[in-house]
Amino acid sequence: MTTIMEREAREAPARIQQQLFENRYTVKALGEKIRLFDPKLVMTVGRGTSDHAGVFAKYLIEVELGIPVTSSAPSVSSVYNKQMKLENVLVIFISQSGRSPDILAQAEMAKKSGAFCIALINDEAAPIKDIADAVIPLKAGAENAVAATKSYLTTLSALLQLVAYWSENNSILKALDSLPDQLTDMTSRPAQILPVNFKNILNCFVLGRGFGYAISLEIALKLKEVCCLHAEAFSSAEFFHGPVTLVEKEITILNININDEAAPLHQKMLDEIKARGARILPMSLPMQNVHPRLAPLLILERFYLDVELIARSLNINPDAPTGLRKVTMTV
């Protein structure tokens, strides 16, 4: 049985290759505009998976450019009807549909407040295009499975291309040339997490540090969304500020291991958690010579295929999670 979720996850490498090629001149010019605008703060706007992409953007922009990044609360505009002071602020809207009323309300408020607004959208006809100063098309193609896969990965690749041109980081730009082939390679790699690992499990934690934490949020969401498993994501550093006491319950932990600057500290904390009796399931990159900023995408590509198989082993249809719809319209 081949599900829509699996087919769409396997499309990601080709979609990203198309995106990076077709957007390159537009994004390069946009990088120059952002440098001239010289933002003192970046604000991301999104819900669910899109908000998780905003966490990835936070780490990427703060690490590579040194500019603080915050996540917005769309309800400030749509529910509380308040205006914010956003002069010299770059606002990045992330939305597959670009149609949710609360996101549109936040976009209109941001424009009136003097922000420079960029929209990352998959639906290029979305109304947010008429509000934003610039649009970066995700070019993920139609995504019919309720659980986002290729649209999330194309969002991360778009953010990488944007930040690389903005910061004039040739190392990331060069690495992006190899990303589609590396993603394809991951689709043929052995599964990292297996159905047997989740037999009789009702709860688990997903732990990462830095960029690993950024994708742990998406991984935890997918475990809830398509497997009906209670999963919570934490930074491995934050985990020691209270939640670590739950390890005494012999909890299962997914370890998101990104081989970057944070890896030694993250591993030190995982060693202590394991010593306390936790069951650790490692998720890491089996490939060498991968740019550390691209590694999260490769781990996610393999995870999407693994979690789809786990859902089916639990007799759950990953294409139709109970109570969910593809596009969620919130106010």
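Determine, for each peptide in 37-43, 227-233, 304-310, the mean count of other beta carbons within 10 angstrom over its residues, then list the peptides with the highest first.
Values: 37-43: 16.7, 227-233: 18.9, 304-310: 22.9.
The peptides rank, most packed first, as 304-310, 227-233, 37-43.
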Given pairs Lys150/Lys274; Lys222/Lys274; Lys33/Lys111; Lys85/Lys139 and cut-off 27 Å on Cα-Cα distance, the over-length ones are Lys150/Lys274; Lys85/Lys139
Counting only residues 5 or more apart in sequence or on a different chain, those whose built amide H sits under 5 Å from that of Val91 are Met43, Phe116, Cys117, Ile118
So the angle from the long Cα axis of helix 101-112 to the longest Cα principal axis of the chain, reported in degrees to the nearest 10, equals 40 degrees
If one compares the long axis through the Cα atoms of helix 4-37 with the longest principal axis of the Cα atoms of the chain, the angle in degrees, nearest 10, works out at 40 degrees
Rounded to the nearest 10 degrees, the helix 263-275 long axis (Cα) sits at an angle to the longest Cα principal axis of the chain of 30 degrees
Partner aspartates and glutamates whose C-alpha sits under 13 Å from that of Lys129, ignoring same-chain residues fewer than 8 away, are Glu108
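In the P(r) worked out for segment 4-177, what percent of Cα pairs fall beyond 28 Å?
For segment 4-177, the share of Cα pairs beyond 28 Å comes to 17 percent.
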Listed by chain and number, the residues whose amide H is under 5 Å from that of Leu254, excluding neighbours fewer than 5 places away on the same chain and using placed H, are Phe205, Val206, Leu207, Leu281
With no solvent term and unit scatterers on the alpha-carbon positions of the chain, Debye gives log₁₀ I(q)/I(0) at q = 0.10 Å⁻¹ of -0.56
For Glu108, placing the label point 7 angstrom along Cα-to-beta-carbon and taking segment 123-140, residues whose amide nitrogen sits under 14 Å are 127-132
Asserting the computed 222 nm helical MRE of the chain (DSSP H runs at least 4 long, -39500 (n - 2.57) per run, divided by residue count, to nearest 500) equals -15000 deg cm²/dmol
Of all trypsin sites (Lys or Arg not before Pro) in segment 131-216, the ones in DSSP coil with at most 14 other Cβ atoms within 10 Å are Lys199
If amide H atoms are modeled at 1.01 Å from N in the peptide plane, then the residues at a separation of 5 or more from Ala231, or on another chain, having amide H under 5 Å from its own are Cys204, Lys224
With DSSP loop assignment and no more than 16 other C-beta atoms within 10 Å, the GluC sites (Glu not before Pro) in segment 1-95 are Glu87
For the pair Arg24 and Ser188, the simple spin-label estimate (label points 7 Å beyond Cα toward Cβ) gives in nm 2.5 nm
Note: segment 194-313 at 37 °C, 0.692 mPa s; Kirkwood Rh on alpha carbon pairs; Stokes-Einstein D in µm²/s works out to 229 µm²/s
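Every number here is computed from the coordinates shown, using simple stated rules; none is lab data. In this text, all values refer to a predicted model and were calculated from it rather than measured experimentally. Neighbour counts are summed over all protein chains in view; Cβ atoms, including those assigned to glycine, are modelled from backbone coordinates with ideal geometry.
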